[in-house]
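Have a look at the structure below before the remarks.
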């Protein structure tokens, strides 16, 4: 009797392990046949793991930037269609740096997304030059007589500053007010003495920041000048902005954008075990 019970238990476990999730199960997934890689002169797009449950359809995009410029993907411009209707995304834009890649999971939500066929209208890709058009800013005098200044569509405010004998440190907050892309490169800042000697910021590797309209960024610039040159605590200095501020205009990237997804029966069966 004991052997029979053990045998039945093992059979039950094996049956459970190989049981298929039924199509009326809310967790049942339809998986779709793969879509060929999309490649243009500017970008490469791979669409993988497209699948649907009752409440959503998901897929992952791997986007590779093949250029020395920046690529922007706006998910809000992409549309998914199935027999139930059209579905949009509200995800934030993603920016892909020169010669870099990024992954983005697209999740379309609805009441009944569990369908065997669908189509995707993939749009919203743009490119903008990494250099941009430099926006001139007035030299910022230290000690500061005013905390605010503008550089084209950028508006900036001095948050704090400190001057010591061999080190000066300043922190700014800058807002981009334009309609394109603002590029902020704090590593380009230099400080100039009254005799015209220039010294680069000690934080020369500080990262470049990309700003869309209304976005802000804080950055700190640290300058070190040997005491034998000047005592920075008492010196009159000027921050020279060089190429710190620039603005770049976007241009649309045309990609093959319409794709039909069909059920992959084998993959669907395997994923629902």
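Note on segment 177-203: residues that are touching a residue at least 60 places away in the same chain (Cβ under 8 Å) and over 18 Å from residue 139 (Cβ atoms) total 5.
Any idea how many residues of segment 100-150 are within 28 Å of the chain's Cα centre (by Cα), outside any strand (DSSP E or B) and either without any contact (Cβ under 8 Å) to a residue 12 or more places away in the chain or more than 20 Å from residue 90 (Cβ to Cβ) (or both)? Give the steps one after another, and end with the answer.
The initial filter retains those residues of segment 100-150 that are within 28 Å of the chain's Cα centre (by Cα), namely 100-110, 113, 118-137, 150.
Imposing the further condition that a residue be outside any strand (DSSP E or B) reduces the set to 100, 110, 113, 122-124, 129-132, 135-137.
Subset that is either without any contact (Cβ under 8 Å) to a residue 12 or more places away in the chain or more than 20 Å from residue 90 (Cβ to Cβ) (or both): 100, 129-132, 135-137.
Here the count works out to 8.
Going through (1) loosely packed, with under 15 Cβ neighbours inside 10 Å; (2) modelled with pLDDT of 90 or more; (3) more than 22 Å from the chain's Cα centre (by Cα) one by one, residue 242 falls short only on (1). Checking 33, 21 one by one, the residue that is surrounded by 12 or more Cβ atoms within 10 Å (Cβ to Cβ), out of contact with any helix residue (DSSP H, G or I) (no Cβ under 6 Å at 6 or more places or on another chain) and at pLDDT below 90 is 21 and no other.
Tell me yes or no: at least one residue of segment 154-176 is assigned to a loop (DSSP other than H, G, I, E, B) and crowded, with 17+ Cβ neighbours inside 10 Å. I'd like the intermediate steps shown before the answer.
The first filter runs over segment 154-176 and keeps only residues assigned to a loop (DSSP other than H, G, I, E, B), leaving 164-166.
Still in the running and crowded, with 17+ Cβ neighbours inside 10 Å: none.
Checking segment 154-176: not a single residue is assigned to a loop (DSSP other than H, G, I, E, B) and crowded, with 17+ Cβ neighbours inside 10 Å.
The values are calculated or read from the model by the stated rules, or taken from the named source; none is laboratory data. Small disclaimer: the values here were computed from a predicted structure and weren't measured. Neighbour counts are summed over all protein chains in view; Cβ atoms, including those assigned to glycine, are modelled from backbone coordinates with ideal geometry.
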